[in-house]
Amino acid sequence: TLVQQVAGALESAHERGVVHRDIKPHNVFILEESQGYPLFVKVLDFGIAKMLGDSQVPGGSHTLTETGTIIGSPPYMSPEQIEGSRHVDLRSDLWSLGVIVYESLTGQAPFRGGSFVAVGAAVLKGHYLPATELRSGLPRAIDDWFAKALSVDPDSRFQSAREMVAAFQALERREESDAQPSAF
């Protein structure tokens with residue numbers, strides 16, 4: 001699935017102490033199935049990536065961009081990125097992946113506005129329509145998954161890509177056991 005492959009790429013980067021900081025649809029490249037090879041997803045453009053500091057990854061201590069600089073694509077920027085926090089870590093990438101999944105399943109971004117300020121205000125408030133209100137047929141449990149993925153508080157979010165994928169796969173298994181057509 002999209003979630004599993006993007007999260008896998010992020011997990012690989014995170015294990016090496018790298019936070020992407022610009023996860024958005026334009027940086028997720030999907031290769032079509034061909035000649036017997038399955039669908040494959042690549043995460044591109046690590047141009048504004050950050051190396052995690054000493055307190056977050058042993059042996060790491062430098063950043064590739066200046067601390068306090070607001071960088072990224074507003075609809076996909078985590079609350080801490082919007083605020084220009086110096087404490088942007090892997091949970092920020094996972095938040096952005098949550099936005100992509102929401103958009104993929106509902107057809108619209110969870111946080112919208114006509115300007116950077118309007119989008120930023122929406123992100124910081126953390127209010128969005130539950131996915132099940134925008135697309136019938138999604139399991140109600142997906143709203144709980146999004147509540148965790150898109151939490152304003154990083155400590156309330158998924159703490160690793162592996163945890164995020166496991167929770168999503170549990171939704172898929174629950175959906176399959178209910179013997180309904182999959183909405184994923």
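Can you confirm whether Gly120 is within 20 Å of Ser156 (Cβ to Cβ), modelled with pLDDT of 85 or more and either open to solvent by 50 Å² or more (accessible area, probe 1.4 Å) or not in a loop (DSSP other than H, G, I, E, B) (or both)? Judged against the criteria, Gly120 is a match. Asp143 meets all of the listed conditions (1) more than 18 Å from Lys24 (Cα to Cα); (2) touching a residue at least 24 places away in the same chain (Cβ under 8 Å); (3) of a type outside the set (A, V, I, L, M, F, W, C) but one, namely (2). When we screen Arg86, Arg91, Arg112 for residues that are surrounded by fewer than 18 Cβ atoms within 10 Å (Cβ to Cβ) and within 24 Å of Ile142 (Cβ to Cβ), the only hit is Arg112.
So, of the residues in the range 123-140 that are free of Cβ contacts under 8 Å to residues at least 40 places away in the same chain, under 20 Å from Val152 (Cα atoms) and not hydroxyl-bearing (Ser, Thr, Tyr), which turns out to be least open to solvent (accessible area, probe 1.4 Å)? Among them, the one singled out is Ala131.
The values are calculated or read from the model by the stated rules, or taken from the named source; none is laboratory data. No experiment lies behind these values; they were computed from the predicted model shown. Counting neighbours? That spans all protein chains shown, and the Cβs are built from the backbone with ideal geometry, glycine included. For the accessible areas, the whole protein counts, side chains as well, though only heavy atoms, and no ligand, DNA or RNA atoms are used. Shrake-Rupley method; radii C 1.70, N 1.55, O 1.52, S 1.80 Å.
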